[in-house]
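Presented below is the structure to which this report refers.
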Amino acid sequence: EAQVTQNPRYLITVTGKKLTVTCSQNMNHEYMSWYRQDPGLGLRQIYYSMNVEVTDKGDVPEGYKVSRKEKRNFPLILESPSPNQTSLYFCASRLEGGWGEQYFGPGTRLTVT
Amino acid sequence: AQTVTQSQPEMSVQEAETVTLSCTYDTSESNYYLFWYKQPPSRQMILVIRQEAYKQQNATENRFSVNFQKAAKSFSLKISDSQLGDTAMYFCAFMKLLRGGGNKLTFGTGTQLKVEL
């Protein structure tokens, strides 16, 4: 089954404790991205990657890091999480080029206390 | 920068009735795509319908259709014969091509739709 998976689905952590949210897709998509969803703000792009070793900032990259060492994986790293990073996070992937559908993961609910 | 505006934070409709969700956007691009996504309580993002800007014909997917007015930069979603399962947050989104490749998806703030008996 074609899908985007994220882990963990729920995470409660404390300020300053480094964490990684994993994202993996099995569709051989070149393009992957991370979004955060906050009430009243919709989804905002954090980082995106157009292929292996190619990443770039989205609209709200501060406080986040990403890496793309393999085509299928695109982890989101919070080196020192803060309460304002409490949010719902989505990973997404699509084929590069054209206007194909973007496939979303199931979301990760992160709470930073 | 592109902006997408959904001016209705919440809406409700009776089952079997028709409802229209509004979306406007601002861009200087001539070629782009527009999307409506549905997010039910499960939080999964589900593509409902998409529209290519260069196509004048409005997209339709079963009970879902759009009214695309390019000059007015308006992209509303009409849901006919509303069903309880249509209860969800609906996001309008705009996609443009980026210089150097790739494309960028910008979302509106969402409209929470409740279908009532």
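The values are calculated or read from the model by the stated rules, or taken from the named source; none is laboratory data. Computed from a predicted model, the values in this text were never measured in an experiment. Backbone-built Cβ (ideal geometry, glycine too); neighbour counts: all protein chains shown.
Observations, loosely collected:
- Residue in the range B:3-42 that is surrounded by the fewest Cβ atoms within 10 Å (Cβ to Cβ), counting only those that are over 15 Å from the mean Cα position of the chain (by Cα) and under 25 Å from residue A:105 (Cα atoms): B:41
- Whichever residue in the range B:35-87 is within 12 Å of another protein chain (Cβ to nearest Cβ) and in contact with a Lys or Arg (Cβ under 7 Å, 6 or more places away or on another chain) and, among such residues, is modelled with the lowest pLDDT: B:53
- Residue within the range A:63-79 that is of a type in the set (Asp, Glu) and under 22 Å from residue B:32 (Cβ atoms) present: no
- Restricting the range A:78-94 to residues that are more than 11 Å from chain B (Cβ to nearest Cβ), surrounded by 14 or more Cβ atoms within 10 Å (Cβ to Cβ) and not hydroxyl-bearing (Ser, Thr, Tyr) leaves a set whose member that is nearest to the chain's Cα centre (by Cα) is A:78.
- When the range B:43-59 is filtered for residues that are surrounded by fewer than 12 Cβ atoms within 10 Å (Cβ to Cβ) and not in a loop (DSSP other than H, G, I, E, B), nothing remains.
- Summed over the range A:48-63, residues that are in a loop (DSSP other than H, G, I, E, B) and surrounded by fewer than 16 Cβ atoms within 10 Å (Cβ to Cβ) total 5.
- Of the criteria (1) assigned to a loop (DSSP other than H, G, I, E, B); (2) buried (at least 17 other Cβ atoms within 10 Å of the Cβ); (3) more than 10 Å from chain A (Cβ to nearest Cβ), which one residue B:109 fails: (3)
- Verdict on residue B:29 being at pLDDT below 95 and touching a Lys or Arg at 6+ places or on another chain (Cβ under 6 Å): yes
- Qualifying residue in the range B:7-25 (condition: within 14 Å of chain A (Cβ to nearest Cβ), more than 24 Å from residue A:44 (Cα to Cα), charged (D, E, K, R) and not in a strand (DSSP E or B)): no
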